[in-house]
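Each remark here refers to the structure printed beneath this line.
The values are calculated or read from the model by the stated rules, or taken from the named source; none is laboratory data. Predicted model, so just to flag it, every value in this text is computed and none were measured. Cβ atoms come from the backbone with ideal geometry, glycine included; neighbour counts cover every protein chain shown.
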Amino acid sequence: MLGLLLFVANSIVCADLHSEYAHHAVLDAEEKMMLYWTIDWDAETVSFAVEAETTGWVGLGFSTGSGQMIGSDVVIGWVKDNKGYLTDRFADAKAIPPLDEQQDYELTGFQESGGKTLLKFKRKFDTCDPRDRKLEVGSTKVVFAYHSEDPGSRTEMKHHEFRGIKTILLLNNMDKRNVDETGWRKFDLTARNVTIPVNGTTYWCSLLKGPELKTKHHITKIVPNIQKGNEGFVHHLILFECNGNFNESDFDQGVMCFSRANMAYLKCQYSTMVAGWAVGGDVLYFPSHVGHPMGTSDSPKNFLLQMHYDNPQHIEGQKDSSGLTIYYTDKLRKYDAGIAAVGVGVNSWMIVPPKQKDWTSVGYCMHQCTESSFKSTGLPGGGINVFASTLHTHLAGRASWTKHVRNGKELPEIARDDHYDFNFQDAQVLRKEINIQPGDDIIHYCKYDSMDRDRLIKGGESTREEMCLNFLLYYPRIPGLSFCDTSFFEPSIKLLGKYFAKVNITSRNPLVKMDIKWTEEMAADLRRYHSEVKTVIPGCWLYSGNITSVADLKNPKYRVPVPKITDPLPPADSCPITGTSGADKHCSCAVVVGLLCVVIGVLK
């Protein structure tokens, strides 16, 4: 009976936390620790609750991009004799983190019952303390730990008994507490017991039927449905609209996506995207005023599910039926949603030299493309509103961000992740929707680390190849808009001309097949050639099929100037005086004011 009462009590606490806080994350596979949080954007603070299966001390930290304990901003707390304790610390070494001189975490609540400890606290995004990490948009690596015993004092405690690392989207999540799912229906779109090929990388396509609808409906929620045990094989998937007439035999187990074994599949591979998911992604809810259309004459009746299987160990016989669960409603929203990828064209001309710690690729969705595509969209003044973003690179990616430019003036960024995690590619829900007007430029950046590679990395579909894309979720939907990107040919062509003049240049980059020893001079030259690019071919023209030969790459009629930022966005600075804490900041301000007074006195 006592056990039942404790279970009920814990369930009530859990339910209360779910309703009290806007977001939550299970930190470990055994669900021994849970994290809850709510963001106050006006005060620039985050309120946290961490719950752990222990009656000892509990620790939570915000780590660097590497996810290591060393270098983490840590808070450790406990409950003892009906009193709550919270300490702000910084992990300098593999030891109990020492106390910070400046304590920037505020304890707001605590509870110890049923063998669990609950700590509630809050902190500012930026405490201006060099011993605290700034909470930023993009991926946040959380380290966590606990011990079964309380500390003897604030400075005496035993080493952890349990620890782990978790990547979350701290500031880019949707508050789902008020979502009304009444009347929503669902259907599954999954692979059909596919035997995953032994190839390291496979793109597998399945043609699937949607529900038979006679009136318009809206997709409202997309849930990843990854077969248990196959989490290491399913890298990402994309769901495409697939219109046209098909035979019943076309709805079979599927085929390799880029083969011509079934011509029906080729109609759909680069049509309009409906949804996407990548490793680490979570459930996607559309905003209450937006949904992807189904049931109309121009909306999809069938779908193409493109699965990217990653099988580096070449395991045989692994079966998979992963995919998506789609929720939809007949209660229509105001706008139809779409997805468009911006960035660098996925081809062999995108290369990253080996042994580079910090290599940046840049792609453009040119104003020449948005001018024509974004004019008559149904929004006042035209344009589209972006409400979410999924940044995408592969193994070498370390950071990614997207700039928004209007007539040379840089506007607030669309998305950024300075701690990109290949194993965590969730959609960032934007705090405020971003309006992209006809004639705006979108500039997308990716930063890579190729120190572990002996050969160059080429752009491509494989996990060990690279991509540099941002999948923008937007409204109103523009039929046919899937990609708006840029490819760079000149840098590689110039490098070939300088070092390998006799090599024949075809439509593919010869460098990717050459077994050459890269020197720092070659890498520096390639970097410089990229910086010297003056004109490019807009991706919206490239995919129209106008470019068919190497000669076309140099044809002036296809080329336009690279977008320039003439009025950059001023850097945000919430801490005018850095590197000081507490009283030191006030002292520094007094010194500055005093010096200004002296200078004014001298000038008089």
Among residues of region 122-164 being buried (at least 19 other Cβ atoms within 10 Å of the Cβ) and among the small types (Gly, Ala, Ser), the residue modelled with the highest pLDDT is ALA145
For region 497-506, check the following and say yes or no: at least one residue is assigned to a loop (DSSP other than H, G, I, E, B) and closer than 30 Å to TYR335 by Cα. no
Regarding GLU181, is this residue closer than 30 Å to MET294 by Cα and surrounded by fewer than 20 Cβ atoms within 10 Å (Cβ to Cβ)? yes
Within region 273-286, take every residue that is over 18 Å from LYS216 (Cα atoms) and part of a loop (DSSP other than H, G, I, E, B) and give me the one that is farthest from the chain's Cα centre (by Cα). VAL283
Criterion first (among the hydrophobic types (A, V, I, L, M, F, W, C) and in contact (Cβ under 8 Å) with a residue 60 or more places away in the chain) does TRP277 satisfy it? no
Anything in region 336-383 that is under 23 Å from the mean Cα position of the chain (by Cα), small (Gly, Ala, Ser) and assigned to a loop (DSSP other than H, G, I, E, B)? List them, or say none. ALA337, GLY345
Do you know which residues across region 86-102 are surrounded by fewer than 18 Cβ atoms within 10 Å (Cβ to Cβ) and either outside the structural domain of SER47 (by TED's automatic domain parsing) or part of a strand (DSSP E or B) (or both)? LEU99
So is SER400 at pLDDT 95 or above, out of contact with any helix residue (DSSP H, G or I) (no Cβ under 9 Å at 6 or more places or on another chain) and within 19 Å of SER139 (Cβ to Cβ) or not? yes
Of the residues in region 198-216, how many are surrounded by 17 or more Cβ atoms within 10 Å (Cβ to Cβ) and either outside any strand (DSSP E or B) or not aromatic (Phe, Trp, Tyr) (or both)? 7
Among the residues of region 342-387, how many are touching a helix residue (DSSP H, G or I) at 6+ places or on another chain (Cβ under 7 Å) and more than 18 Å from PHE471 (Cα to Cα)? 5
Quick one: how many residues across region 481-513 are surrounded by 12 or more Cβ atoms within 10 Å (Cβ to Cβ) and either within 33 Å of the chain's Cα centre (by Cα) or aromatic (Phe, Trp, Tyr) (or both)? 22
